Amino acid sequence: MKPRVAITLGDPRGIGPEIVAKVLQDPPGPADYVVIGPEDLIAGLPGEHVVIGKREGGSGKHGAASELPASRFSLPAAAAGRIVGASVETAARMALAGEVQAIVTGPAEKQAFNLAGFHYPGHTEWLAHLAGDVPVAMMLASDRLRVVLVTTHLPLAEVPRALTVEKVVATGRLTAETLAARWGIARPRLALCALNPHAGEGGLFGSEDQAVLAPAARQLGASGPLPADTVFVRALRGEFDAVLAPYHDVGMTAIKVASFGHAVNVTLGLPFLRTAPDHGTAFDIAGKGIADPSSMREAVQLAVELAHRSREAGSGKREA
């Protein structure tokens, strides 16, 4: 039986609608697709449609997120954010109800959905709330590298205070559990990226690596903390199954340099599968027909693969 995968278009002003359309022209499979978004943007796409938003005199299956203007590019930011919000909430509701086995979310502008009243730093934290405020982590994965962020959307000055032994250990355990359950890696090899240059150089360049990251690594049975300028190179050579990065940009820079356009954002800890492309809305090229759908294709493909793997694992447990 094929899994059902819900796909949201993301911000209608950005490249989300066109990269979804390109992927669904020749979709990864086997899967059944449910496309969620404004009626005019999903009308010609393959799969089941769930309409978000309405035009004057029309109605949407799940109610209006906004009155849509003649062009998606002239939407006010708050209106675009309401469409993103309604789309993501609909997808999450369907996943929690078992109507779909995975969701793939198109790129959205964080400022827009905050203006619309969805006050979360990003999709990861928002989906965690929708799922019942469950603990989650953000993984960026490609066929070359997997990176998990210990802290996500924080000002850099706040990162040292946010890093605790408990937070690092919880993120590492969630990573190991997911790699075992979703990827079939029985004993994941984890590495912990250091916060400071040279892993603090014995306290000369900061105390966090010795005081926080080293004890966390011992509890996890992970390697590290290892300096950022070498740990990702070692992971690319196959030494580790995932690297835990202490803050957003050190992890995101590594994965995007290694695999930009082919990496996938995976939310760990949700009671359903969620993937997304590794890029943003790209407003500057939206509508020009030149947006590269590679990362969206990888996100859909990984959602399908993991959904199949989860079904096979569940079937095996029931038979046992």
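Just to be sure, is Leu154 in a loop (DSSP other than H, G, I, E, B) and within 20 Å of the chain's Cα centre (by Cα)? When the stated conditions are applied, Leu154 passes them.
Residue-by-condition table, conditions (1) surrounded by fewer than 15 Cβ atoms within 10 Å (Cβ to Cβ); (2) at pLDDT below 95:
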site: Val168; (1), (2): no, no
site: Pro188; (1), (2): no, no
site: Leu195; (1), (2): no, no
site: Gly200; (1), (2): no, yes
site: Leu213; (1), (2): no, no
site: Gln219; (1), (2): yes, no
site: Arg234; (1), (2): yes, no
site: Glu239; (1), (2): yes, no
site: Val243; (1), (2): no, no
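Under the condition of being at pLDDT below 95 and of a type in the set (A, V, I, L, M, F, W, C), which residue from the range 25-45 is surrounded by the most Cβ atoms within 10 Å (Cβ to Cβ)? Selected residue: Ile42.
Kindly evaluate Glu125 against the criterion of being part of a helix (DSSP H, G or I) and closer than 18 Å to Thr178 by Cβ. Yes; evaluated as a whole, the condition is true for this residue. Taken together, Ala95, Ala176, Ala181, Ala131 contain a single residue that is small (Gly, Ala, Ser), in contact (Cβ under 8 Å) with a residue 40 or more places away in the chain and buried (at least 24 other Cβ atoms within 10 Å of the Cβ), which is Ala95.
Residues that are surrounded by 21 or more Cβ atoms within 10 Å (Cβ to Cβ) and either within 11 Å of Leu140 (Cβ to Cβ) or modelled with pLDDT under 95 (or both) within the range 246-266 comprise Gly251, Ala254, Ile255, Ser259, Ala263, Val264, Asn265, Val266, listed in sequence order.
The values are calculated or read from the model by the stated rules, or taken from the named source; none is laboratory data. From a predicted model like this one, the values you see are computed outputs, not experimental measurements. Here the Cβ is made from the backbone with ideal geometry for all residues, glycine too, and neighbour counts use every protein chain on show.
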